[in-house]
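Okay, structure first, notes after.
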Amino acid sequence: MSAQNQIRRMTAPEITARKGKEPIVCLTAYDTPTALILDEHCDLILVGDSLGMVVHGLVTTVGVTLDMMIMHGQAVMRGSQKAMVVVDLPFGYYEDSPERAFRNAARVMCETGCQAVKIESGSHAAATISYLVERGIPVMSHVGLRPQSMNVLGGFRARGRTQKVADEIIESSVAAAGAGSFAVVVEGVSAELADKVTAAVDIPTIGIGASAGCDGQILVTPDMLGMFDRTPKFVKKYAGLKDIIETAVKSYRDEVRSRSFPSDAQTYKFRK
Ligand code: KIV
């Protein structure tokens, strides 16, 4: 029994049970203040390795380290109480053996307190998924456009245009579900293919640039908040955060330069 007065988080079996039911709301977060806002509205928060690009300014997710994921995972856990928190295993920390994947996934789970990990799963991944799940680590899979493989795929392009690749995506989704994944992210494929994946697996599909027919949706939060001028075509910008920040910073700059800075508000009050 825990001495803590805990609010219960959404669990992996509860996410799986949503297959074909109320769509699952997912977003990424990388820090405490964002997690505090998302927690009330999301079923699942992903600490995605997209943080390499949208927080740390890397060109791809390939350079993201396990320590980066753990640090951001801890921050998101501090800001959330209800949503299920899933942390990405980054490139190079899980592909070569199920044992190494387990050691790194266990480190992420123990040091962050998150409830699951996500791995980008090609056809080779089933053995790793079942190894982790059998040892107590819930796994979310990720098929279609797999950003960690962008050097092999030749860029961030939609996947599954040929029958061969479309079949591979369906096969790896079925294999990931069979191996015990509790859900699968389907990224950057046609709506037709995403719908076929949704019909082929008995776990929820979480679409990103895929199909409204998926069992849930996920977006990279800074993209949907309008932090960047350039975002993938499918992303709807629900806010214009970049413009809001720019306007605020310009007002601040102008007040500082013109010495019209509100003197009272900006004066540190010392206690008598
Ligand atoms: O890293 C990430 O943010 C992701 C989402 C795009 C699903 O994997």
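You will find that of SER172, SER258, the residue that is surrounded by 14 or more Cβ atoms within 10 Å (Cβ to Cβ) and not charged (D, E, K, R) is SER172 and no other.
One line per residue, one yes/no per condition, for (1) within 15 Å of the ligand (Cβ to nearest atom); (2) farther than 21 Å from PHE156 by Cα:
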| residue | (1), (2) |
| --- | --- |
| ALA177 | no, yes |
| SER181 | yes, yes |
| VAL186 | yes, no |
| LEU193 | no, no |
| ALA200 | no, yes |
| MET227 | yes, no |
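The residues listed here are THR112, THR34; of these, the one that is within 15 Å of the ligand (Cβ to nearest atom), buried (at least 17 other Cβ atoms within 10 Å of the Cβ) and of a type in the set (S, T, N, Q) is THR34. If the condition is being modelled with pLDDT of 95 or more and polar (S, T, N, Q), then region 5-24 contributes THR11, THR16.
Counting the residues of region 37-68 that are of a type in the set (A, V, I, L, M, F, W, C), touching a Gly at 6+ places or on another chain (Cβ under 7 Å) and within 11 Å of the ligand (Cβ to nearest atom) gives 2. Put simply, of THR231, THR221 the only residue that is surrounded by 16 or more Cβ atoms within 10 Å (Cβ to Cβ) and either away from the ligand (no atom under 14 Å from the Cβ) or under 24 Å from VAL117 (Cα atoms) (or both) is THR221. Look at region 78-105: where a residue is aromatic (Phe, Trp, Tyr) and a partner is assigned to a strand (DSSP E or B), sitting 6+ places away or on another chain with Cβ atoms under 7 Å, you get TYR94/ILE119. If the condition is being of a type outside the set (S, T, N, Q), under 23 Å from SER149 (Cα atoms) and not in a loop (DSSP other than H, G, I, E, B), then region 93-108 contributes PRO98, GLU99, ARG100, ALA101, PHE102, ARG103, ALA105, VAL108.
Rundown of residues vs (1) free of Cβ contacts under 8 Å to residues at least 12 places away in the same chain; (2) under 20 Å from GLY48 (Cα atoms), yes/no style:
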residue	(1), (2)
CYS110	yes, yes
ALA126	no, no
ILE129	no, yes
VAL143	no, yes
VAL165	yes, no
ALA175	no, no
VAL185	no, yes
ALA194	no, no
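For region 188-203, a residue qualifies if it is of a type outside the set (D, E, K, R) and in contact with a Ser or Thr (Cβ under 7 Å, 6 or more places away or on another chain), and the qualifying residues are ALA191, ALA194, VAL197, THR198, ALA200, VAL201, ILE203. Restricting THR32, THR28 to those that are touching a residue at least 60 places away in the same chain (Cβ under 8 Å) and under 23 Å from ARG107 (Cβ atoms) reduces the list to THR28. Out of all the residues in region 203-215, is one or more surrounded by 23 or more Cβ atoms within 10 Å (Cβ to Cβ), at pLDDT 95 or above and acidic (Asp, Glu)? Yes, because at least one residue in region 203-215 is surrounded by 23 or more Cβ atoms within 10 Å (Cβ to Cβ), at pLDDT 95 or above and acidic (Asp, Glu). VAL235 meets each of the listed conditions (1) assigned to a loop (DSSP other than H, G, I, E, B); (2) in contact with an Asp or Glu (Cβ under 8 Å, 6 or more places away or on another chain); (3) more than 19 Å from LEU51 (Cβ to Cβ) apart from (3).
The single residue among GLY226, GLY154 that is surrounded by fewer than 16 Cβ atoms within 10 Å (Cβ to Cβ), of a type outside the set (A, V, I, L, M, F, W, C) and under 26 Å from VAL62 (Cα atoms) turns out to be GLY154.
The values are calculated or read from the model by the stated rules, or taken from the named source; none is laboratory data. Please read these numbers as outputs of a predicted model, since none were measured by experiment. Quick reminder, even Gly has a Cβ in these numbers, built from the backbone with ideal geometry, and neighbours come from all protein chains shown.
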